[in-house]
Amino acid sequence: MTSDPMNNPNPQSPKQQEDEFFSGYSRWPKSIKSFFFKFIPLLFVGVVLFGVIVPRVHDQFNAGKFSRGEFQGLLVGEPVPHLLVPRKGKIESGSQFSRYLLSGFSKSAPPAKVTDHIGKWVQLKGTAVHRNNLTVVATGGAEPIDAPAGAPSAPEPGIPLGKFSLNGEILDGKCYPGVMKPGQGKTHRACAIRCISGGVPAVFRSHNEQGDPLYFLLADNEGKAVNKQVLDLVADPIQIEGEVTQYGDLFVIKADPSSYQRV
Amino acid sequence: MNSSAIAITTALLLFFRIYFTIGAIFAVLFAVFLVKRVDPGARGWAIGFRLLIMPGVSVFWPLFVWRLIRGQQTPTERNIHRLRAQQNSV
Amino acid sequence: MSVAYKSIQWNRTKIIYDLLLLAAIAIYLFLFTWSAQQISPDLEMLGIQIRAFGSAAFILLHVILSIGPLCRLNRKFLPLLYNRRHMGVTMFFLGLIHAIGFNLSSLPLLDKLPFKIPFKVTGALYWYHDFGDLDPIVSQFAGNTHYGSLVRFPFETLGVIGLAILFLMAITSHDFWLANLTAPIWKGLHMMVYVAYAALVGHVALGAIQTNRHPLLTVVVGLGLIWITVIHLIAALKERRGDQPIRNTAPATDNFVEIGSIYDIPNTRAKIVSVAGERVAVFKYDGKVSAISNVCQHQNGPLGEGKFIDGCITCPWHGYQYLPETGASPPPFVESVPTFNVQVRGDRIFVSTIPNPPGTQTPAAHIPPELEGQA
């Protein structure tokens, strides 16, 4: 004998349930209709809850900003092309320059129209992208100019800070401070690889004891850019042991890329 | 990132592009002229239906080329009841 | 159905279904963007849209995968199943927009308009891979090849696998494909949705969750996985119980097997029994008993869970109909299923163990008039 309650063997049973059947092309049975009048609003409550809550549990938004502008400064080529812009006004802390990394407009190095003038004072137009104290200017060309009156004649020499072992992550210097969210970690890995492969400066992001981010430009033992050698380690947690040199507010860590350790 | 991965990916992409290009050309011809030979359900000129099957035909085009060559039409599924019914009716 | 194909056989149910579906998605996408903007007013929205569409597709996939087991557990959910393919195709498009974006202005014909339609969504492929020194698609597959490591695993590839399966399902969603691939092969192809689901859970777990620090995201995705697994297990257990072989019956004689009493079956409904290696639907209607193969030719739906309506056995899934004494759909339809000879001895029903070819005229067994009043 079957135990299925639908197959009621006793015709005398009180109030036999109406045998309703749904087919899409005919009228909906009453019981199914009333069920859906309750179920569909429930689904929509779910839609609203998900829509409001899901973006809030993505905790990777950054406050990266960008702004178009004109910049005048001394163009330096190593370890990666960057611009030393004389600071205006009273200079309290050590450096006379702000240091802006340079890139092209896409995931690329600054073009030859810029790098041809390395070592000279230039004026360039571009988009400055910044996050915390890391700034990159995306630019398409530079015009040589005379050194502005009163500008420091030469950059201050680097201050060797000694050997450090740092934990952190290799990022691209452009999309990390820019529009990307999170701009770091595995989800951003593909973009960072393309950027660094294309010539955007590779930046090492570590942190101090308080957890504030610290940025280091990567250089090999000769002080040259390491872009092509580090592609496979981008966005992975790694440890770098190397000589840190401070140029104003910019830090450079020199180490052989083959000595970087994944942690 | 390594060069062999790039080479393999590029080769695979080329293969898929060729496969889908042939498929897309065949799909247009099939949807306009040939579908009636394969499926008797494709009567009339329901344009929406013909557009809807094109992406699928671009992928499964070898199946329809085969059916057109063999002169086959829409097959009937084979399940155990149908097979046993066939055996017993012979 | 084998009347002339149309793009979609619209009816009121499908139109309401689709409108509700699109409304739900529009509300979700709007709220997602709005809620993200509340975090910071000057947030750049392009990357947010990638997540809005990706999460919408992933949530919708959970809904779609819930429908099958829910219908097994409670037949009131069947209207959700009725137009599920539209939900599936919609989900594929959400995933596709997540991957490659969408620009209304670049669509054929729309690009000829004198004004530009501003609706544009950036996809992950261009957002992360374009503007570099390599073709974005090549970069997608060659940028990260650490398939041996779980932590470094290229989660994007899992997304591509999921999307490729959803693509195959979407392009074969029309009934033309059911007819031309046959229902068992079509179903096999569409069962790959579970491979897609596994790949997409991996895509989310090794991508968004691995980078994300908020525990709630992990909890929600985990709960989703548990929900899908548990309702499938419960539905499968229920199915298995229904498939128990017939007990307490006389042994098969002259190729007939006793399947139970006429009192077991409510009028216009069926009892499902396993005969000749597959389920058979034994229907009672108009004082008669007929048996046909339980497997609907359209999508292999369970005919025995259907109902005898307007002289036809009607499938509960999409309403395909078969005449009980021939197993054939009434003209102009051409579907047909095997039938079984039936005898009624006393109140007992006997079904032949040898199926008749689809469309064979098979007389129904009459219930003795003296029993009919009680049945």
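The values are calculated or read from the model by the stated rules, or taken from the named source; none is laboratory data. Remember, predicted model here, so these are calculated numbers, not experimental data. Here the Cβ positions follow ideal geometry from the backbone for every residue, glycine too, while neighbour counts run over all protein chains shown. With ligands, DNA and RNA removed, areas are computed over all heavy atoms of the protein, side chains included. Shrake-Rupley method; radii C 1.70, N 1.55, O 1.52, S 1.80 Å.
Observations on the structure shown:
- Applying the criterion of being more than 18 Å from C:Ser173 (Cβ to Cβ) and at the interface with chain C (Cβ under 8 Å from one of its Cβ atoms) to the residues of region B:13-46, the residue that is surrounded by the fewest Cβ atoms within 10 Å (Cβ to Cβ) is B:Gly44.
- Qualifying residue in region C:64-77 (condition: surrounded by 14 or more Cβ atoms within 10 Å (Cβ to Cβ), charged (D, E, K, R) and under 27 Å from A:Ile53 (Cα atoms)): no
- Check on C:Gln38, surrounded by fewer than 16 Cβ atoms within 10 Å (Cβ to Cβ), of a type in the set (S, T, N, Q) and assigned by TED's automatic domain parsing to the domain that holds C:Ser173: yes
- Summed over region C:146-168, residues that are in contact with an Asp or Glu (Cβ under 9 Å, 6 or more places away or on another chain) and of a type in the set (Val, Ile, Thr) total 1.
- Every test in (1) touching a strand residue (DSSP E or B) at 6+ places or on another chain (Cβ under 8 Å); (2) open to solvent by less than 60 Å² (accessible area, probe 1.4 Å) is passed by A:Lys186 save one, and that test is (1).
- The set of residues in region C:341-372 being open to solvent by less than 40 Å² (accessible area, probe 1.4 Å), polar (S, T, N, Q) and touching a residue at least 40 places away in the same chain (Cβ under 8 Å) consists of C:Ser352, C:Thr362.
- Annotation for region A:173-195: at least one member residue is away from chain C (no Cβ under 14 Å) and either closer than 22 Å to A:Ala255 by Cα or aromatic (Phe, Trp, Tyr) (or both).
- In region C:85-139, the qualifying residues are those that are open to solvent by 70 Å² or more (accessible area, probe 1.4 Å) and either assigned to a helix (DSSP H, G or I) or closer than 30 Å to C:Lys187 by Cα (or both), and the one that is nearest to the other protein chains (Cβ to nearest Cβ) is C:Tyr126.
- Here A:Asn208 fits the description: within 30 Å of A:Lys88 (Cβ to Cβ) and open to solvent by 10 Å² or more (accessible area, probe 1.4 Å).
Residues are listed down the side, and each one gets a yes or a no for (1) under 21 Å from B:Asn2 (Cβ atoms); (2) open to solvent by 10 Å² or more (accessible area, probe 1.4 Å):
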site	(1), (2)
A:Leu171	no, no
A:Lys174	no, yes
A:Met180	no, no
A:Ala202	yes, no
A:Leu214	no, yes
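- Region B:47-58, residues that are of a type in the set (Val, Ile, Thr) and farther than 12 Å from C:Trp177 by Cα: B:Ile47
- For first residues located in region C:158-184 and farther than 13 Å from C:Tyr197 by Cα, partners that are among the charged types (D, E, K, R) and assigned to a helix (DSSP H, G or I) and lie 6+ apart or on another chain with Cβ distances below 8 Å form the pairs C:Ser173/C:Arg85.
- Restricting the search to strands (runs of 3 or more DSSP E) fully inside region C:270-340 and requiring at least 2 residues that are open to solvent by less than 40 Å² (accessible area, probe 1.4 Å), polar (S, T, N, Q) and more than 14 Å from chain A (Cβ to nearest Cβ) gives C:288-293.
- Of the residues C:Leu150, C:Leu158, the single one that is crowded, with 18+ Cβ neighbours inside 10 Å and either within 14 Å of chain A (Cβ to nearest Cβ) or assigned to a loop (DSSP other than H, G, I, E, B) (or both) is C:Leu158.
- Residues (assigned to a loop (DSSP other than H, G, I, E, B), closer than 21 Å to C:His146 by Cα and small (Gly, Ala, Ser)) located in region A:184-228: A:Gly185
- One residue from B:Ile18, B:Ile6, B:Ile80 being in contact with a strand residue (DSSP E or B) (Cβ under 6 Å, 6 or more places away or on another chain) and either within 30 Å of A:Leu231 (Cα to Cα) or modelled with pLDDT of 90 or more (or both): B:Ile80
- When A:Glu241 is tested against (1) surrounded by 16 or more Cβ atoms within 10 Å (Cβ to Cβ); (2) in a strand (DSSP E or B), only condition (1) is not met.
- Given (1) outside any loop (DSSP other than H, G, I, E, B); (2) open to solvent by 60 Å² or more (accessible area, probe 1.4 Å); (3) facing another protein chain (nearest Cβ under 8 Å), number of the condition C:Tyr194 does not satisfy: (3)
- Residue count for region C:44-54, restricted to those that are open to solvent by 20 Å² or more (accessible area, probe 1.4 Å), within 8 Å of chain A (Cβ to nearest Cβ) and of a type outside the set (A, V, I, L, M): 2
Each row is one residue, and each column tells you yes or no for (1) surrounded by fewer than 20 Cβ atoms within 10 Å (Cβ to Cβ); (2) touching a Pro at 6+ places or on another chain (Cβ under 6 Å); (3) assigned by TED's automatic domain parsing to the domain that holds C:Gly277; (4) among the aliphatic types (A, V, I, L, M).
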| site | (1), (2), (3), (4) |
| --- | --- |
| C:Thr172 | no, no, no, no |
| C:Leu181 | no, no, no, yes |
| C:Gly188 | yes, no, no, no |
| C:His214 | yes, no, no, no |
| C:Thr218 | yes, no, no, no |
| C:Leu223 | yes, no, no, yes |
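- Selection of first residues in region B:24-48 that are under 10 Å from C:Ala4 (Cα atoms) and of second residues that are open to solvent by 50 Å² or more (accessible area, probe 1.4 Å) and in a helix (DSSP H, G or I), restricted to Cβ pairs under 8 Å at least 6 apart or on distinct chains, gives the following pairs, ordered by first then second residue: B:Ala42/B:Lys36; B:Arg43/B:Lys36.
- Checked against the criteria, B:Arg67 counts as more than 22 Å from B:Phe16 (Cβ to Cβ), crowded, with 17+ Cβ neighbours inside 10 Å and more than 7 Å from chain C (Cβ to nearest Cβ).
- C:Leu168 within 11 Å of another protein chain (Cβ to nearest Cβ) and under 15 Å from the mean Cα position of the chain (by Cα): yes
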